[in-house]
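Written out below as structure tokens is the structure these notes cover.
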Amino acid sequence: MSESTITLADPHLALQLFGPNDTNLRQVRNQLGVAITHRNGQIRIAGPAESVRMATEILERLKDKVYRAGTVSSEDVTDSMATSLDKKLPPAFEKNEVAIGNATRRIKPRTEGQAEYLEAIRRHDMTFCIGPAGCGKTYLAVATAVEALKSRTIRKIVLVRPAVEAGESLGYLPGDLHEKLNPYLRPLLDAINEMIDFDQVKYLMEQNIIEVIPLAYMRGRTLNQAFVILDEAQNATVAQMKMFLTRMGEGSKIVVSGDISQVDLPPGTTSGLRDAVQRLGGINGICFVRLSEGDIVRHPLVRKIVAAYDGPNGMGGRAAGRNQPPEDR
């Protein structure tokens, strides 16, 4: 066990530093597994040595922000933690930063699994990624597609999702077909809007350089020099998966991502993602990456929620190691 102390010049600044109801403090404490107490302007941090070092670094950074700006936001806490956690990774990870052409937005892997995923996409024409919610499957794939578009190694980006309901029928949603489909495609648009200015995204979509479409609309197409991403692939049927994968044309790259613990297909219907991992596992040139709970980089609670649902008393059994078909674990 190790301890560290941070001194506040003005003890009243602790309220701004810790956030409403100590939310900032709990975020750091829960992420790093340390005990943090405050008394008379002295912040005491105790726990494993490496965790204490990072927590101290994070709180010192946030303290400087409070002195300069008078307050810190939850986004400041998240960014500060990400910066410190990135420093845990080997220096070689720095070369894996994704060049999306946005000076204000740096995208790079935060875990070994994410670094492996990025390398797989860059080295293979077809990559499958299976992992739980929050581990960056979609986000990193979209970032790599933007990087490829900026470097002119591909000519267009195609973002695809199955329009499968999770308890609510399309027919009961208001609006025309486009408005009905929008909720299913929205996560892909949200990801790309974080990397490219809204006006530029609008222009690229008008020019069909970026397409965001339902899986059913892929039938009959051949995509050359395209970066194609199938998101939520666990909700594709076997026939749909075959149809999608055979759209691949010359100079194209395909990324298929999904979470086999969140299948919304009708009972008795085989997931196309699960089937593809088993069926295509021996083909050279196709890479399979498995991310786990340790690769989750959303709010710290997401990792605990996934563990609760996937644990021995959960819904589907805890995720195991990477690069193995799910049925073999």
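Being outside the structural domain of Ile296 (by TED's automatic domain parsing), assigned to a helix (DSSP H, G or I) and hydroxyl-bearing (Ser, Thr, Tyr) holds for only one residue in Thr71, Thr37, Thr78, and it is Thr78. A single member of Ala14, Ala55, Ala9 is in a helix (DSSP H, G or I) and either modelled with pLDDT under 85 or of a type in the set (Asp, Glu) (or both), and it is Ala14. Counting only helices (runs of 4 or more DSSP H) that fall entirely inside the stretch 232-322 and contain at least 1 residues that are at pLDDT below 95 and under 16 Å from the mean Cα position of the chain (by Cα), the qualifying elements are 300-310. How about the stretch 185-212: which of its residues are part of a strand (DSSP E or B) and of a type outside the set (D, E, K, R)? Listed by number, the residues that qualify are Ile210, Val212. Cβ-Cβ distances below 9 Å connect the following pairs, each with a first residue in the stretch 144-163 that is assigned by TED's automatic domain parsing to the domain that holds Lys108 and surrounded by fewer than 18 Cβ atoms within 10 Å (Cβ to Cβ), a second residue that is polar (S, T, N, Q) and outside any helix (DSSP H, G or I), and a separation of six or more residues or different chains: Thr153/Gln225; Arg155/Asn224; Arg155/Gln225.
The values are calculated or read from the model by the stated rules, or taken from the named source; none is laboratory data. Model, not experiment: these values are computed from the prediction. Glycine gets a Cβ as well: all are built from the backbone with ideal geometry, and neighbour counts include every protein chain shown.
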